[in-house]
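Just so it is clear, none of the values below were taken in a lab; they were calculated from the coordinates. Since we're looking at a predicted model, the values are computed, not measured. So basically every Cβ, Gly included, is an ideal-geometry build from the backbone, and we count neighbours across all protein chains shown.
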Amino acid sequence: MTSLIRHLFVAFCLLISGTATAANTCGAPWPLWEKFVLVHIQPDGRVVDFFANKTTTSEGQAYALFFALVAGDKLQFDRILKWTQANLAQGDLALHLPAWQWGQRKDNTWGVLDSNSASDADLWIAYSLLHAAKLWNNLHYRVTANALLRAIRHHEVVKLPSIGKTLLPAPVGFALKDKVWRLNPSYSPIQVLRFFSKVDLEGDWNEVLENAFRMLAVTSRTGLSPDWVLYRANQGFTLDPEQGKVSGYDAIRVYLWWAMLNPKEPYFEKLKPYITGAKQFAVNAALPERVNIADGQVTGSAPIGFIAALAPYQKTLYNHIVRTEITLGDDVGYYNYVLSLFGTGWMENRYRFNVDGSLKVSYQKCAKQPPPH
């Protein structure tokens with residue numbers, strides 16, 4: 001790119017609505033979260049993806065829980081959690097991993113469309129519940145999170161030949177024939193795995209963490225993370241010839257997770273050579289939608305969520321100050337909203353990750369209880 005970061009800055013600033021905001025203060029409103037609630041969250045706590053036939057995913061519920069926690073919005077947190085348990089987890093997250101997709105069936109009834117769970121959603125749900133338990137002094141959250149972690153370890157973490165414990169995207173469908181497994185780098189945020197390694201001593205999270213690093217180091221040698229990778233018993237990690245040729249809608253989160261790491265996290269510097277290729281692929285002053293891992297060829301024009309998600313990446317690499325008070329329309333889609341909430345929330349100092357992977361939210365320094373919403 002001539003440089004991606006310059007074009008990113010220009011494009012991002014064009015999306016600004018109003019003036020720059022100062023660092024977040026105690027109980028300060030979060031307009032983007034409030035808009036997300038208005039557009040995408042039903043009164044009962046269901047997060048709706050209008051771009052996918054009004055379906056709901058466990059990912060959407062998980063991200064919404066995290067943002068409600070960051071916003072200090074316990075009312076929404078409990079609504080989202082209640083809907084998730086009732087509709088995705090057969091009434092109890094402590095007993096059942098949540099189904100990944102819910103929506104309208106062919107017979108026009110509404111319910112679970114795919115009962116397979118999604119490990120990235122499960123990790124974020126457990127992570128948010130553990131922090132909510134501490135922030136809001138709620139034992140039920142902690143008990144549920146611990147049970148969920150046990151289920152993740154049992155159903156979604158597998159022992160791969162030669163390297164050991166690794167996170168699968170889901171319990172079913174990712175162990176292929178001939179001792180081949182399909183994996184997703186964006187499903188393993190380093191800070192989340194680091195936190196679990198400190199609080200869940202029954203798990204082999206350090207091993208999962210090390211293998212998440214290995215996966216990126218081997219498959220991202222050009223500095224670009226693929227959307228999907230394979231692990232072959234006799235070859236190790238390789239690009240997925242079907243789904244891993246590009247860096248796009250999945251991999252955008254890999255750059256985001258890395259940029260938000262605490263700089264003292266050991267994998268922050270170790271990952272840097274494998275993550276900074278994203279600064280090289282801007283073409284014609286536009287951020288691309290997808291980049292070919294092998295040759296760097298780009299296709300499409302990135303959605304607004306990509307720009308917001310890469311704001312922490314720009315800040316971390318170049319220490320540029322980027323204004324982040326943006327306005328998203330009702331029609332930009334669920335994924336653009338969540339990427340923007342992650343990116344702008346971090347840029348506005350609404351949350352940070354400590355070196356042990358734990359979450360620090362802005363209102364912690366003001367009161368033991370969250371601000372009223």
| query | Hull surface divided by four, with the convex hull built on the Cα atoms of the chain: how many nm²? | reply | 17.7
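Within 10 Å, count the other beta carbons around each residue, average over each peptide in 59-71, 144-156, and list them highest first.
Those peptides, ordered most packed to least, come out 59-71, 144-156.
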| Under a point-charge model restricted to the Cβ atoms of Lys and Arg (+1) and Asp and Glu (-1), what is the dipole moment magnitude of region 80-192 relative to its Cα centre, in debye to the nearest 20? | 240
| message | Given Cβ point charges of +1 (Lys, Arg) and -1 (Asp, Glu) and nothing else, what value in debye, to the nearest 20, does the dipole of the chain about its Cα centre take? | response | 720
| message | Taking 0.36 nm per residue of sequence separation and subtracting the Cα-Cα distance, how much length would be gained by fully extending the chain between THR299 and LEU75, in nm to one decimal? | response | 76.5 nm
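What FRET efficiency do you get for ARG232 and GLN364 if R0 is 41 Å and r is their Cβ-Cβ distance, rounded to the nearest 0.05?
0.35
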| query | Out of PRO273, PRO185, PRO171, any idea which swings most in a Gaussian network model of the chain, alpha carbons joined below 10 Å? | reply | PRO273
| Residue-span extension gain [GLU34 to LYS272] - 0.36 nm each, minus C-alpha spacing | 82.3 nm
| request: Could you name the lysines whose alpha carbon sits less than 16 Å from that of LYS270, not counting residues in the same chain fewer than 8 places away? | output: none
| message | Classify region 129-205 from the C-alpha gyration tensor, please: rounded if a/c falls under 1.5, else prolate or oblate depending on whether a/b exceeds b/c. | response | prolate
| task | Give the relative contact order (percent, whole number) for the chain; include only Cα pairs under 8 Å separated by 6+ residues. | result | 22
| task | For LEU160, enumerate residues with amide H under 5 Å from its amide H, sequence gap 5+ or separate chain, H modeled in the peptide plane. | result | LYS165, THR166
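Normalised by the residues of region 214-300, what does the relative contact order come to in percent, with Cα pairs under 8 Å and at least six apart?
Numbers: 123 pairs, mean separation 27.4, N = 87.
Once divided by the residue count of region 214-300, the mean separation gives 31 percent.
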| task | With a 10 Å radius around each residue's Cβ, average the other Cβ atoms per peptide and rank 163-170, 123-130, 259-266, 103-110, highest first. | result | 123-130, 163-170, 259-266, 103-110
| query | Label LYS134 and PHE50 with points 7 Å out from Cα along Cα→Cβ: what is the distance between them in nm? | reply | 3.7
| note | Treating only Lys and Arg (+1) and Asp and Glu (-1) as charged, each at its beta carbon, one finds that region 74-123 has a dipole about its Cα centre, in Debye to the nearest 20, of 220
| query | So how much slack lies between ASN206 and VAL158, counting 0.36 nm per residue of separation and subtracting their Cα-Cα distance, in nm? | reply | 15.9 nm
| Among ARG221, ARG46, ARG182: highest mean-square fluctuation, GNM of the chain, C-alpha pairs under 10 Å | ARG221
